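The values are calculated or read from the model by the stated rules, or taken from the named source; none is laboratory data. Everything quoted here is computed from the prediction, not taken from an experiment. Glycine gets a Cβ as well: all are built from the backbone with ideal geometry, and neighbour counts include every protein chain shown. Just the protein is used for accessible areas: all its heavy atoms, side chains included, with ligands, DNA and RNA removed. Shrake-Rupley method; radii C 1.70, N 1.55, O 1.52, S 1.80 Å.
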Amino acid sequence: MNGLLIQPNASPFTFPQANFTHLPNEIRANEEYVYQEGNINQPSNFLAAILAVSGPAPTTASPVIPTTPSAVAPTTSRPATHIVPPIPVAPTSITAAPTVRGMVFIFLRFVFHTLKPVPTESQVLSQVSALLKFRQTRALDNPVRIQDLTYEKISDHIFALKLNYQILNVTFPEKFDLRNETQKLIQDSANKLLNTLLNSPNANPFTFPEGNYTNGLNVINASVEYIFREGDINLPSNFLAAILAISGLATTAAPTTTSSPVLLLITSTAGRFPGWALAIIIPCGIAIILLPFWILLCCLLCGCCAAIKRRWRRRHAYHIQQYAVHPSMMRPNITHPI
């Protein structure tokens, strides 16, 4: 703008700040300048021509205009080629952010809560290691598994499985605060990777939790932890189905195999309620179902007791009446004298 509006030998003028719009591979700068008389003391030929046509006269435009007779002609006849050289000056002031070429590490951790004691490491790894498959993702380069499946026992009813992947030759900004777009691509790759591992190929994709990112000079670490909850994944993969079978966790189709209300309640709440809650719910459910039988049994016992009591009273009254002493037998025995 100084090249357009000010003489080359004049002091540069500081124009207002522009409004910037950032796109994936484009930056737009919108600059607006409201001309005020007195801001520019030595206007360029381009600005002097505009001011001459518009009405306000430049304050010091006369010294910079040539004194030849041909220059006295209207300034609008000057060629427009004078404004072409300054145009490339503005883009040169915006430099692209420096980038580095590095690698991305994706750390996956699956946590499972079981009702029965957790399976051993050999039981889990022997069943699911052969089912571990991976398909190519398109967000970034194909992740490569750099560590086999690792078993971690957290408690008697909680265990975890860990996998580590690496993506090579990734270009991202050198500054950490400019890596948001790269992190979105990494999250997209992690979601596709998790869906490949845990979801059936024909199932709807599931959105997994956001990862935690740690930035280094030429490395980005993405740590994603997923705690399995029943109902999140309706069509589990063979890998996940094998883990659930070993852990004793029911899939979503399990409740349809039973018609008992108590078993349905137990199965549907197994993955969400802790053990102490089930210890209260199960006895209460059994007691509610057996309550009518308890009432009927009490009625039968009361009726039997009443019948036995009435029978005993009748037999007792009969024996008393049978062995009653006549009043005449109560008279004293009087002997007559001889």
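ASP177 exposes around 110 Å² of accessible area when a 1.4 Å probe is run over every protein chain in place.
Here the spin labels are modelled as points 7 Å beyond Cα on the Cα-Cβ line, and at HIS316 and VAL100 they lie 10.1 nm apart. Less than 26 Å apart at the alpha-carbon level, and either on another chain or at least 8 residues along: which lysines does that give for LYS153? In chain and number order, the partners are LYS116, LYS133, LYS162.
When the surface is traced with a 1.4 Å probe over the full set of protein chains, GLU225 keeps roughly 90 Å² accessible. By a 1.4 Å probe calculation restricted to protein chains, ILE289 has an accessible surface near 80 Å², given to the nearest 10. A straight chain from ILE27 to ASP177 at 0.36 nm per residue would run longer than the Cα-Cα distance by 52.3 nm. Of THR207, THR21, THR196, the residue with the largest accessible area leads and the full order is THR207, THR21, THR196 (1.4 Å probe).
Extension gain, SER11 to CYS298: 0.36 nm times the residue separation minus the Cα-Cα distance gives 92.5 nm.
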